[in-house]
Structure formats: structure tokens, C-alpha cells
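See structure below.
What follows is calculated from the coordinates using simple rules that are stated; it is not laboratory data. All figures in this text were calculated on a predicted structure; none of them were measured in a lab. Heads up, the Cβs are rebuilt from the backbone with ideal geometry, glycines too, and the neighbour counts pull from every protein chain shown.
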């Protein structure tokens, strides 16, 4: 009994202290807000926002609600994070492998890249890409077309828009191809385990993913055309591109700086992972007759990934949270739209900041859960 | 990162204030802000991050401008020295939080007086020190001379957290023009973006346009369009709930305007003590007991006039002589065709 109390005591005191501190702050905030005539409540979320946002993935204008504005900001944050994570991973893996290359030039180039980009503060890099690099781009009227259809200007990158007919048939053909590949892969594995036969699954997969969508074009009635951006004059010296898709320079600068910065850390994770696999593993694998490709795929990578994934998860989380620096260059992310404009227009500081914090927390936890699931999947399965 | 640091400090300040304010909330009869200010020995004033003519710091860190002068006037009235002011530069987004959290005691930062701000978020506007309206700046070479020449697809640079964002939408909507709003947190970033060609037009209060134009790489290449699309009465703001402090700030501003009306300047203020006009004598502290109502002495307004000058002197020094807006427009006394009209100090 005595022993238990000794065990419980400190924990109980901690819980009481935490509750008291939180209660004290909540009470104080309430009293002070009352004294200053500030109302607390989330009712404003359904009110008309009456401000516009530059760039939105869903239909939005000032006649929509503050909640809709929140969604616009959230989706823009997710957009830049997802693109950033994909690009950072690709660059990171390439650079990480390149750092281990026996080729002096490739090796040194990768090393300098990592040291350069990871040692400059991210905010500075964002400013550099936005205010220095992209500012050097031509005005719309002076822009040279890239491949005749892309226009990179100071007002953004204009690309042709796809105009689909019967898009759903095309989509189903891709889904069908993916399902077929999964089934074939499963069968191939079974075949190898039971009869020792190997099927060129990779070649079949490529064939399927090309042929099925192609068929949808030929006999499924799917057609695709492009809407190419056209130069439009606004005033004597002021032009813009009309039609097509436009990617604002803010999005480009932010994605570029986030991925180049985060890629350096991912590259180091990848290098550490590969170097962490014992040399003997590679030699042993080679000695039992595996081809170099198989050595990498079946022996090195599965072990390296276990080392790579946990620290890379941290980098993904960092990238997502760092995307809030977007506010500095007018990219309408969650912080700029919701914790910025919406907060100012409503004055609901506590409500909006709490929602924003909770949102980032949820985003980060989702990424963590996903990566932990993947990590568990590739971890050593003790039998 | 430093702007986030600032938000952090305001948060810390908020927490600290929450602590201190609970013990003596209603009971204090005298103004708590006044008492704290006198104890500290300086007025805590929130200003812009650099808007020539309104609040702008020179290389040596000396703040000047008509908004700055309001805070200096309060310091002269309350502490006897117009230089005893601590200026805190704030972005449009941070300003109200800084005031309600108690980081500053006066917000004098070209802030538009609107109903929702006055009634909703724990603030009180005490007056108007500049009557303004929102306008547009374009490049001269564009050939645009009126907002009626704007076309679909125009991109407009502006600040976030201001009435500008709302007015802009109202304006473009009423004209049926589709536009691309590009909103930055700091005015310098807006100017840099517009200057480089990212945007076709830059929109904010006209005084702001005139002031920021002086910061462009080549000011002569830009013009401010004649149309005004909104009313923007700019003025100092205080926290709600301290009516004595509110009165001090209001009447410090009013004293400057009334001093101009009666021709009292920083140069002649002392000699006006022997004036025949009782209104003048009251303003220079030679008659009446006006200061006692705020818990100040009788020469509070004399010190404002002597150390800061009247409104006209402040305007001339900061806005006219710097070439920002040589014409006073509506910011002229009511006796001279403007709309500056303040209640009598008596």
C-alpha cells in the first residue's frame, strides 16, 4: 500500500499541477477578454469572408465563408508539402547515392550541394528564389516559349491545360492496369516460391500501364486536347497570359526552396542508410550468385531502408511545418490566409491560432502515422 | 524568422499581462495605463515598419512622422518630454494583438477606423489624424490613367491584414473585373514585388502610395491614379477599458489640431500665455484646470505645442516638406476648407 502511494504520488501531483496551470490560464483569458469586450466563439467560421485569395484548389471567392477560406489555405499548404516531399525525396535519393559514387566529380558535386544548401537559413533561401532568382525572369511580353507551349515569366509559369473528353474511361483504364499488375505480381511470387520460375514482371507492368490507357484512346472514345496560354494585353506595357494553367511564382519559389533545402537532409539519411549496411552483406550476396541488381534490391535496400525511414520522416515533418514560411512571399497557405488575413478581419486571435495549431498538429501526426506504418512494414519480421 | 519571434514575444507579453491584470482589474480608479506609463518613464507606442511621413525611422533610429507625433504629444503631456517614447514597429497583422495584449499602450500606425474594429476586438479609436482613401498606383509606361482602364486578369499587390484587401474585392467586383490579389505581410515586400513587375498595380491608402512611391527604384516611372475607392479615416487606437488613458490620447491629438486653429505654434506658445482669447489661454495652461480631469498638470497641452508643435507644423515637417503630399486636401482645418474639426478644449 505504502509502496503504491509512493509510486502514484508524484504522478498525481503532476496531473493536478497541469490541470491547475491550464485552468488558471483559461480563467484569466476569459476574465480579460470579458473586460475588454472580446467575444469568444467559433461562429465566425460560417460568416462571409469578403476577401479574395490569389490561388486556390477549390472554388473560392470572398462570398464564401471563413471556413472555406480555411480549407483553401489548408489545401494550399498540403499542395506545397506534397510536391515538396516528392521532389525532395527524388533529389535526396539521387544526391545521397551520388555522394557514395566512386566518380570524383559526381561525389564532390553532391557533397558541395549538401553543404551549401543545408547551411543557409531556409527563410533566406525562400527570399533568394523569390526576390532574386524569379525576379530575373522576363515580363510576359518578353518571354520566350519553351517547346512552343510553356511560358516562364515574372508573373508565373504558364502551361497548357488538358482538356479531356471521357476522362473517366481513361481513369478506369489506369485503375484496371494497376489492379492487373498487382495480381500478376502476386501470381509471379507464388510461381517463384512453388516452382522456382521467374516472370519478367517489370516488363509486363510497363506494357500494361501503356497499352490499356492507349486502348482507351483508340476504342474508348477518350480524347485529349491542349489549351495553350495566349498573350493578352492589359495596357500599353502590361501583359498577362490567358488560358491554360498558371503556376504563380510564389508557389514555384516556395516548392523550389523547400525541396532543395530538405533534399540535403534526406541525402544524408540515404547515405547513412546505405553505409550502415555491412560490407560483408554485399559480398556474401554476390558470392551466392546474385546479380548486382539483385544485391541492391534484395539485400542492401531492405536493410538500408530501415535506417533511412525514421530520420526521413522527421524531414517530411520539417518540410510541412517549414511551408508556413510561405507567408513571407505571399503564397496563400494556411498561415497567410487563415492565421493572417482571416485573423485580422475577424480579430478572433485565440480561436484562429488554436485552429491553426491543431491543424498543423493533425497534419504532422498523419504523416507520422503513415511513415510509422511503412517503417513497421519494412522492419525485421521476427518469427 | 524575426517576425515570428515578435509574435512569440507578444504571446509571452499576453501571458504576462494576464497574470498581472487579474489582481486589480476594476478597482483602480485612476488610469492604470497612465500609472504604469509614469512608473516606467516612457510611452509604449506601436508604429509601422516604415512608412515615410507617418512613421519612419532614420539610420540613427530616430522616428519621425505624423503618427509618431501623436505618441510624442502624449509623452509630452504625460511625462513632460516628447522624446520619452519607446517605438515598436508592427506589421499590419500584428498590430491589434500587440495592443490588446498590452505590449504597447497606443497604436498609432495609419490604422483605419471601422465599426468592426472599434466594437469587436477590444479596441477604441480616439480620433482621426489623417483622412485618407484607397487608391491605385500603376507604371506610367502602361498608359493607364484611370481605374476604368483596368482589364480582366490584372494582378494587384497589397498588404495582408488591412481594409485594403476588402475594399479591393468590393471595387473589382462592382466593376466586374477578375483580378489576381498578391498579398504580402510587409509593405517593403509589396513595394519590391510591384517594382519588379510581378504586379500591374499596387493598391493601398493614397497617402501610403505617395509615401511608398518615394522608395521605388525610379519614383517618376509611377503614378497614383486619381480615383479614390474608399474612406480611410486613420487614427490612433487604445485598448478598450481605460477611459482616462483614452481621453488623454484623444485630447493630446485634439490639442494639436486646436492649437493650429488658434495659431499657436511651437515658437509662439509661451508668448500666447498673455493672449486676450480665453480659448488660447486655456490651451497654453494660463487659465482653467483642464489637466486635472486626466490627473495631469495644467501645462500638458503647452508642452505638446512647444515640444511637438501644432498639427499644421507636424504635417508640414513630415508630409508636405518631404514631398509626399504637399497639398493638405481634406486634412486642412475646417476654417480653411478641410474637414479637420475637433471639439473645443474647455
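Table for the structure above
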| quantity | calculated |
| --- | --- |
| Potential extension, residue A:370-residue A:225 segment - 0.36 nm per residue separation minus Cα distance | 48.5 nm |
| Cα centroid separation - the stretch A:2-66 against the stretch A:71-117, whole Å | 37 |
| Rounded if a/c under 1.5, otherwise prolate or oblate - chain A, Cα gyration tensor axes | oblate |
| GNM result for chain B, Cα springs below 10 Å: residue of B:46, B:323, B:61 fluctuating most strongly | B:61 |
| Over chain A, relative contact order from alpha-carbon pairs under 8 Å, at least 6 apart, % | 22 |
| Modelled FRET efficiency - R0 30 Å, residue A:97 with residue A:136, Cβ distances, 0.05 increments | 0.40 |
| Two-site FRET efficiency, residue B:293 against residue A:16, from Cβ-Cβ distance with R₀ of 51 Å, rounded to 0.05 | 0.55 |
| Shape metrics for chain B, restricted to C-alpha atoms - Rg then Dmax, Å | 20.8, 64 |
| Rounded Å value of the spacing that divides the Cα centres of the stretch B:155-229 and the stretch A:331-363 | 24 |
| Gaussian network model of chain B, Cα within-10 Å springs - most flexible of B:74, B:249, B:224 | B:224 |
| Least to most buried among A:182, A:126, A:199, A:38 (fewest other Cβ within 10 Å first) | A:182, A:199, A:38, A:126 |
| Whole-number percent relative contact order across the stretch A:1-71, with pairs defined as alpha carbons under 8 Å at least 6 apart | 20 |
| Shielding score for A:229-237, defined as the mean number of other chain Cβ atoms within 10 Å | 5 |
| Residue among B:143, B:312, B:135 with the largest mean-square fluctuation in a Gaussian network model of chain B, springs linking Cα atoms under 10 Å | B:143 |
| Residues residue B:119 and residue A:298, FRET efficiency given R0 of 56 Å [Cβ-Cβ distance, rounded to 0.05] | 0.20 |
| Pair residue A:361, residue A:287: separation of 7 Å Cα→Cβ label points (nm) | 5.4 |
| Inter-chain shielding of A:323-333 (mean C-beta neighbours from other protein chains, 10 Å cut-off) | 4 |
| Net lengthening on full extension, residue A:192/residue A:109 (0.36 nm per residue, minus Cα-Cα) | 25.7 nm |
| Cα-based helix-to-principal-axis angle, B:66-79 vs chain B, degrees rounded to 10 | 20 |
| With Cα atoms, 0 to 90° folded angle of helix B:163-175 axis to chain B main axis | 40 |
| Normalised alpha carbon radius of gyration of the stretch B:134-230 [divisor 2.2 N^0.38 Å] | 0.95 |
| In degrees, nearest ten, helix B:187-196 long axis to first principal axis of chain B (Cα) | 20 |
| Gain in span if fully extended, residue B:62 to residue B:320, counting 0.36 nm per residue against the direct Cα distance | 91.0 nm |
| Overall form of the protein assembly as shown per C-alpha gyration tensor (a/c, 1.5; a/b vs b/c) | prolate |
| Set of the stretch A:260-284 residues, backbone N closer than 15 Å to the point 7 Å along the Cα-Cβ line of residue A:378 | A:266-277 |
| Packing-based exposure ordering (other Cβ within 10 Å, fewest first) of A:269, B:45 | A:269, B:45 |
| Relative contact order of chain B, defined on C-alpha pairs under 8 angstrom at six or more residues apart (%) | 21 |
| Cα centroid of the stretch A:366-380 to Cα centroid of the stretch A:168-192, whole Å | 24 |
